[in-house]
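The structure appears right after this line, and notes come after that.
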Amino acid sequence: MSSAGPLTVAGKRGLIHRWREHLPVTGDTPIVTLDEGDTPLVYSERLSAEVSAEVWLKYEGLNPTGSFKDRGMTLAISKALEEKSRAVVCASTGNTSASAAAYAARAGLVCAVLIPEGNVALGKLAQALVHGARVLEIEGNFDAALELTKEMAAGHAVTIVNSINPFRVEGQKTAAFEVVEALGRAPDVHVMPVGNAGNITAYWRGYNEALDEKWIDSLPEMHGFQAEGANPIVRGEPVADPRTIATAIRIGNPASWRGATDAATLSQGSIRSVRDKEILEAYRSLAQEGIFVELASAASIAGLRQMSETGAIPGGSTVVCVLTGHGLKDPDWAIAGAPQPRKVPAALGPILEHLDLA
Ligand code: AN7
């Protein structure tokens, strides 16, 4: 154990502690954690009935900053500290910056974030700001921001914490370990959204390591879904001007492109697209089941439905859909399509009348 200060002492919780032997850490690595990981795998009665399979939802919105990014960030920031870095930088559609800002604040590191102007959900921006990150709104899209971030990291003494940082994918693979642990087996079919493609790369690695460890004896089919207006992997070429309401996955040139195509090909899975309209429908139907996610996460469910309609979900199979981020990240969309609150006098009569209970 190092003589690091109290914030960096390895806690008893958090995913580095939990999966230490499977992660690139040593006794000298100062561990920066917010007790991330160990998220619920929620059974969905409704979706299971709808697609005639067993559908489980990996609810990653319950991580400390509200998205799966915390899994990679605990490791990336811990390693940045170990390597005596003083500043970290990332480009982000919002969640990476929220997570980087929180973990960097905890570690006492300067955090710079480059975000695409006008295309980051309000909650995510609030997180980066409240944790004291230096937020730069780039007059360009995510892909331009990522290019600039890479240039910064190459020439200056800052650590990049986008998923091109190898520790990010290492941390994120632990979600697959948790799925395997909860089910006692691998799912038959694994469905998730794809943006920069770091997460699908991470799950595929996690399942493969679980196979090597003999925790499972088969691998799932990996199915990744991009938004139709931001679907470079489906098209086989970068999309110069990606567009989708799911701003988290509004990405035209994914950094981990190869990781996504490898996962899909080697697992007999696929990378396909879903339309914004389908994403929105999935978002609302999850909410009706009590599960609040952000739009990008609903691409999983839109994808599940598309697969089911084309007969790609075998009856009775075990399916895991990843819900990558919490709905509170983006309150604008939640409010936009919902019935608005009604103003009533502070009296029981009118209240009962409005509720049709009079
Ligand atoms: C909720 O924060 O790229 O395919 O900069 O926030 O691993 O990129 C976010 C991506 C899915 C896609 N769901 O994951 C960023 C960023 C949510 C996300 C994705 C993101 P990757």
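Would you point out the residue of the stretch 154-181, among those that are outside any loop (DSSP other than H, G, I, E, B) and of a type in the set (Val, Ile, Thr), that is surrounded by the fewest Cβ atoms within 10 Å (Cβ to Cβ)? Only one residue tops the list, namely 160.
Of all residues in the stretch 182-194, exactly one satisfies the criterion of being within 14 Å of the ligand (Cβ to nearest atom) and open to solvent by 10 Å² or more (accessible area, probe 1.4 Å), namely 193. A Cβ distance below 7 Å, combined with a sequence gap of six or more or placement on separate chains, defines the contacts here; from the stretch 308-324, residues that are touching a residue at least 40 places away in the same chain (Cβ under 8 Å) reach residues that are away from the ligand (no atom under 16 Å from the Cβ) and of a type in the set (D, E, K, R) in the pairs 314/188; 317/188; 318/54; 318/188; 319/54; 319/188.
For the stretch 2-24, a residue qualifies if it is modelled with pLDDT of 95 or more and open to solvent by 20 Å² or more (accessible area, probe 1.4 Å), and the qualifying residues are 17, 18, 20, 21, 22, 24.
Taking the listed residues 44, 52, the one that is within 30 Å of residue 316 (Cα to Cα), open to solvent by 10 Å² or more (accessible area, probe 1.4 Å) and over 15 Å from the mean Cα position of the chain (by Cα) is 52, with no other qualifying. Considering 175, 100, the condition of being at pLDDT 95 or above, among the small types (Gly, Ala, Ser) and closer than 20 Å to residue 82 by Cα is satisfied by 100 alone. For the stretch 182-219, the tally of residues that are farther than 16 Å from residue 259 by Cβ, in a loop (DSSP other than H, G, I, E, B) and not small (Gly, Ala, Ser) stands at 8. Cβ-Cβ distances below 6 Å connect the following pairs, each with a first residue in the stretch 36-57 that is in contact (Cβ under 8 Å) with a residue 60 or more places away in the chain, a second residue that is part of a helix (DSSP H, G or I) and open to solvent by 50 Å² or more (accessible area, probe 1.4 Å), and a separation of six or more residues or different chains: 39/62; 41/182.
Selection of the stretch 82-118 for residues being open to solvent by 40 Å² or more (accessible area, probe 1.4 Å) and outside any helix (DSSP H, G or I) yields 83, 84, 86, 108, 110, 117, 118. Going by what's in this entry, would residue 197 be described as within 11 Å of the ligand (Cβ to nearest atom) and among the aliphatic types (A, V, I, L, M)? Here the answer is yes, as residue 197 does meet what is asked.
Candidates in the stretch 287-342 are the residues that are more than 16 Å from the ligand (Cβ to nearest atom) and of a type in the set (S, T, N, Q); of these, the one that is farthest from residue 269 (Cα to Cα) is 340. With respect to residue 80, is the statement that it is touching a His at 6+ places or on another chain (Cβ under 7 Å) and of a type outside the set (Asp, Glu) true? The answer is no for residue 80.
On inspection, residue 148 passes the criterion of being part of a helix (DSSP H, G or I), more than 12 Å from the ligand (Cβ to nearest atom) and over 21 Å from residue 200 (Cβ atoms). Within the set 135, 161, the sole residue that is β-branched (Val, Ile, Thr), in contact with a helix residue (DSSP H, G or I) (Cβ under 8 Å, 6 or more places away or on another chain) and without any contact (Cβ under 8 Å) to a residue 40 or more places away in the chain turns out to be 135. Do the conditions hold for residue 252, that is, is it within 9 Å of the ligand (Cβ to nearest atom) and not hydrophobic (A, V, I, L, M, F, W, C)? It is false that residue 252 is within 9 Å of the ligand (Cβ to nearest atom) and not hydrophobic (A, V, I, L, M, F, W, C).
When the residues of the stretch 57-81 are filtered to those that are out of contact with any Lys or Arg (no Cβ under 8 Å at 6 or more places or on another chain) and in a loop (DSSP other than H, G, I, E, B), the one that is farthest from the ligand (Cβ to nearest atom) is 64.
The values are calculated or read from the model by the stated rules, or taken from the named source; none is laboratory data. Worth saying up front: this structure is predicted, and the values here are computed from it rather than measured. Positions of Cβ are backbone-derived with ideal geometry, glycine not excepted, and every protein chain shown enters the neighbour counts. Areas reflect the complete protein model, heavy atoms only, side chains present, ligands, DNA and RNA absent. Shrake-Rupley method; radii C 1.70, N 1.55, O 1.52, S 1.80 Å.
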